[in-house]
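What follows is one structure encoded as structure tokens, with my remarks underneath.
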Amino acid sequence: MGNTLDSMAISEGVVRVVNEVEKVIVGKRSAVELAMVAMVSGGHVLIEDIPGVGKTTLAKSLARALGCTFRRVQFTPDLLPSDITGTSVFNQKNSTFEFRPGPIFANIVLADEINRATPKTQSSLLECMEEAQITADGVTHSLPKPFLVIATENNVETQGTFPLPEAQLDRFFIRMNLGYPRREEEAQILGMAPSATGIDNVHPVLSADHIVDLQMLALGIYVASPIRHYIVDIVSATRTHPQVQLGASPRGSLALLRGAQSLAALRGRTYVLADDIKELAVPVLGHRMILRPEARLKFVNAAKIVEEILAEIPTPDSV
């Protein structure tokens with residue numbers, strides 16, 4: 001059922017990172033853990049929330065705690081695909097074109113307000129996110145490992161934005177929001193000295209190579225047959241639900257499996273429980289579903305539908 005040392009290595013590493021990030025992100029431990037689940041699973045994160053709740057700070061502090069390279073891209077309507085991936089420049093000395101990498105060549109890339117860029121620019125991330133590579137002028141360039149895209153969206157102001165197409169949304173491993181801090185948490189933030197909330201207070205506790213090792217270890221977390229069938233039953237139910245026009249794809253099933261393995265390791269276990277699946281079902285599957293128009297008119301959201309499915313499907317008795 002896996003190696004206990006492996007799961008403990010992941011758990012200890014993730015806890016160190018989360019504790020470090022919490023120096024500047026107060027009261028958002030579950031969100032930081034979700035981001036780490038995506039990182040250990042080799043996935044990407046979409047954060048939808050209002051301005052000023054710490055989306056950018058979370059990305060920066062996470063990169064610093066992981067000891068990874070970090071680049072930020074501010075998405076705007078005039079942003080070009082080459083502004084992200086890079087471009088070929090003519091070298092007059094040797095009369096050849098040389099590829100100059102764009103900001104996508106980093107371990108963690110913050111795609112800030114991704115829905116403000118045109119669909120053409122948004123689509124430049126598809127190959128990057130799925131295959132960790134880009135193709136320019138017929139030449140394929142591998143991206144550094146590990147590779148994580150953290151994209152943000154302001155879900156309040158939609159004027160002048162371009163909604164992400166379903167193919168783009170499906171590339172994100174997890175969708176989440178941070179939300180307002182609780183009363184005592186906001187009071188704690190106000191009581192902190194300005195110097196205590198800066199990114200400089202976050203120190204590297206892991207390295208990029210260490211993260212790659214953790215990703216490989218997580219693949220060894222044991223998943224019993226009943227748990228695998230439980231995942232299939234949940235995802236299948238999203239495809240047949242009367243209020244869903246298009247359910248989650250097999251990519252969603254794989255993401256739920258990989259995420260559950262990472263979450264189990266984060267908890268210090270060598271095996272996946274049904275509770276791991278339940279905890280990740282909404283953030284992993286919610287954005288992979290297209291609801292019917294009548295459901296949207298009734299203000300039914302994907303999270304509610306996933307929760308209904310979880311309540312209806314019997315939980316496996318054992319791992």
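In the stretch 112-126, the residues that are within 14 Å of HIS44 (Cβ to Cβ) reach residues that are assigned to a loop (DSSP other than H, G, I, E, B) and of a type in the set (Lys, Arg) with C-beta atoms within less than 8 angstrom, at least six apart or across chains, in these pairs: LEU125/ARG171; LEU126/ARG171.
Per-residue answers, yes or no, for (1) part of a helix (DSSP H, G or I); (2) in contact with a His (Cβ under 7 Å, 6 or more places away or on another chain); (3) surrounded by 13 or more Cβ atoms within 10 Å (Cβ to Cβ); (4) among the aliphatic types (A, V, I, L, M):
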| position | (1), (2), (3), (4) |
| --- | --- |
| GLN122 | yes, no, yes, no |
| GLU127 | yes, no, yes, no |
| PRO144 | no, no, yes, no |
| VAL156 | no, no, no, yes |
| PHE162 | no, no, yes, no |
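Residues of the stretch 281-298 that are at pLDDT 95 or above and touching a strand residue (DSSP E or B) at 6+ places or on another chain (Cβ under 8 Å): PRO283, VAL284.
When the stretch 283-295 is filtered for residues that are surrounded by fewer than 21 Cβ atoms within 10 Å (Cβ to Cβ) and under 28 Å from ALA35 (Cβ atoms), the ones remaining, listed by number, are ILE290, LEU291. With respect to THR240, determine if the residue is among the polar types (S, T, N, Q) and within 30 Å of ILE10 (Cα to Cα). Considered against the rule, which asks whether it is among the polar types (S, T, N, Q) and within 30 Å of ILE10 (Cα to Cα), THR240 comes out as no. Looking at LEU46, LEU79, LEU62, just one residue is assigned to a loop (DSSP other than H, G, I, E, B) and aliphatic (A, V, I, L, M), and that residue is LEU79. Of all the criteria given as (1) in contact with a strand residue (DSSP E or B) (Cβ under 7 Å, 6 or more places away or on another chain); (2) assigned to a loop (DSSP other than H, G, I, E, B); (3) of a type in the set (S, T, N, Q), the one not satisfied by THR140 is (2). Applying the criterion of being farther than 20 Å from PRO181 by Cβ and surrounded by 17 or more Cβ atoms within 10 Å (Cβ to Cβ) to the residues of the stretch 12-35, the residue that is modelled with the highest pLDDT is VAL17. Flag not set for LEU254, criterion: at pLDDT below 95, among the aliphatic types (A, V, I, L, M) and either surrounded by fewer than 22 Cβ atoms within 10 Å (Cβ to Cβ) or not assigned by TED's automatic domain parsing to the domain that holds ALA38 (or both). The sole residue among ILE25, ILE108, ILE47, ILE84 that is hydrophobic (A, V, I, L, M, F, W, C) and without any contact (Cβ under 8 Å) to a residue 40 or more places away in the chain is ILE25.
Among the residues that make up the stretch 287-305, is at least one of them closer than 30 Å to ALA106 by Cα, assigned to a helix (DSSP H, G or I) and not acidic (Asp, Glu)? Looking for residues that are closer than 30 Å to ALA106 by Cα, assigned to a helix (DSSP H, G or I) and not acidic (Asp, Glu), one finds at least one in the stretch 287-305, hence yes. When GLY259 is tested against (1) modelled with pLDDT of 95 or more; (2) out of contact with any Gly (no Cβ under 9 Å at 6 or more places or on another chain), only condition (2) is not met.
When you look at LEU62, is it under 30 Å from GLU185 (Cβ atoms), modelled with pLDDT of 90 or more and either in the same structural domain as ASN19 (by TED's automatic domain parsing) or not basic (Lys, Arg) (or both), yes or no? It is true that LEU62 is under 30 Å from GLU185 (Cβ atoms), modelled with pLDDT of 90 or more and either in the same structural domain as ASN19 (by TED's automatic domain parsing) or not basic (Lys, Arg) (or both). Against the conditions (1) of a type outside the set (D, E, K, R); (2) surrounded by 14 or more Cβ atoms within 10 Å (Cβ to Cβ); (3) more than 18 Å from MET129 (Cβ to Cβ); (4) in contact with a strand residue (DSSP E or B) (Cβ under 8 Å, 6 or more places away or on another chain), PHE105 satisfies every one except (3). Would you say ALA224 is crowded, with 21+ Cβ neighbours inside 10 Å, touching a residue at least 12 places away in the same chain (Cβ under 8 Å) and either out of contact with any His (no Cβ under 6 Å at 6 or more places or on another chain) or of a type in the set (Val, Ile, Thr) (or both)? So ALA224 fails the test.
Taken together, VAL53, VAL26 contain a single residue that is under 19 Å from the mean Cα position of the chain (by Cα), in a loop (DSSP other than H, G, I, E, B) and over 30 Å from LEU219 (Cα atoms), which is VAL53.
Criterion first (assigned to a strand (DSSP E or B) and under 19 Å from LEU148 (Cβ atoms)) does ARG71 satisfy it? Yes; evaluated as a whole, the condition is true for this residue.
The values are calculated or read from the model by the stated rules, or taken from the named source; none is laboratory data. Everything numeric in this text was worked out from a predicted model, so none of it was measured. Neighbour counts run over all protein chains shown; Cβ positions are idealised from the backbone, glycine included.
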